[in-house]
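J.: After the structure tokens below, expect a handful of questions from me.
The values are calculated or read from the model by the stated rules, or taken from the named source; none is laboratory data. Quick caveat: nothing in here was measured; it's all calculated off a predicted structure. Cβ atoms come from the backbone with ideal geometry, glycine included; neighbour counts cover every protein chain shown.
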Amino acid sequence: MIEFGVSWCPWCQAAQPLIAEAFAGFEAPYFKVEDGKGRPLGRAFGVKLWPTLIFLHDGEEIARRVRPASTERLHEALAQLADI
């Protein structure tokens, strides 16, 4: 999973407890990427809003969550990964 965002973003800050709760006990690689102007990785993934969480399996996007407001949506994405 890749999380695109920045530390000063209020949306990113609000999502952190939800992300931590959803990922508790889930074993998977997790990368936090500082995104912003001049950062090509976020643009390559089509990131437009922060935070954007992209769930990958073997380099292929399985799910995407933008500005998650609940752990349910994150759990759904994690379930998609677990089903593979």
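J.: Of everything in the stretch 1-15 that's part of a helix (DSSP H, G or I) and either among the β-branched types (Val, Ile, Thr) or more than 26 Å from Asp83 (Cβ to Cβ) (or both), which residue is farthest from the chain's Cα centre (by Cα)?
T.: So the residue we want is Pro10.
J.: So which residues in the stretch 24-60 are part of a strand (DSSP E or B) and in contact with a strand residue (DSSP E or B) (Cβ under 6 Å, 6 or more places away or on another chain)? I'd like the intermediate steps shown before the answer.
T.: Residues of the stretch 24-60 that are part of a strand (DSSP E or B), as a first pass: 31-34, 52-57, 60.
Within the stretch 24-60, Phe31, Lys32, Val33, Thr52, Leu53, Ile54, Phe55 qualify.
J.: Here's something else I'd like to know. Could you pull out the residue among Gly42, Gly46, Gly59 that is farther than 18 Å from Ile84 by Cα, among the small types (Gly, Ala, Ser) and without any contact (Cβ under 8 Å) to a residue 12 or more places away in the chain?
T.: Gly46
J.: Can I ask one more? Any residue in the stretch 67-84 that is within 23 Å of Pro10 (Cα to Cα) sitting within a Cβ distance under 7 Å of a residue that is of a type outside the set (A, V, I, L, M) and buried (at least 17 other Cβ atoms within 10 Å of the Cβ)? List the pairs, counting only those 6 or more apart or interchain.
T.: Arg67/Pro51; Arg73/Arg65; Leu74/Arg65; Leu74/Pro68; Ala77/Phe55; Ala77/Arg65
J.: Follow-up question, since we're still on this one. For Ala79, only one of the following conditions fails: (1) at pLDDT 95 or above; (2) part of a helix (DSSP H, G or I); (3) over 11 Å from the mean Cα position of the chain (by Cα). What is its number?
T.: It fails just one condition, (1).
J.: Based on this model, can you work out whether Leu41 counts as surrounded by 17 or more Cβ atoms within 10 Å (Cβ to Cβ) and of a type in the set (A, V, I, L, M)?
T.: No: the conditions fail for Leu41.
J.: Taking the condition assigned to a helix (DSSP H, G or I) and surrounded by fewer than 16 Cβ atoms within 10 Å (Cβ to Cβ), does Glu72 pass?
T.: Considered against the rule, which asks whether it is assigned to a helix (DSSP H, G or I) and surrounded by fewer than 16 Cβ atoms within 10 Å (Cβ to Cβ), Glu72 comes out as yes.
J.: Exactly one condition in (1) at pLDDT below 95; (2) surrounded by fewer than 16 Cβ atoms within 10 Å (Cβ to Cβ); (3) touching a helix residue (DSSP H, G or I) at 6+ places or on another chain (Cβ under 9 Å); (4) not in a loop (DSSP other than H, G, I, E, B) is false for Glu21; which is it?
T.: Among (1) at pLDDT below 95; (2) surrounded by fewer than 16 Cβ atoms within 10 Å (Cβ to Cβ); (3) touching a helix residue (DSSP H, G or I) at 6+ places or on another chain (Cβ under 9 Å); (4) not in a loop (DSSP other than H, G, I, E, B), the lone unmet condition for Glu21 is (1).
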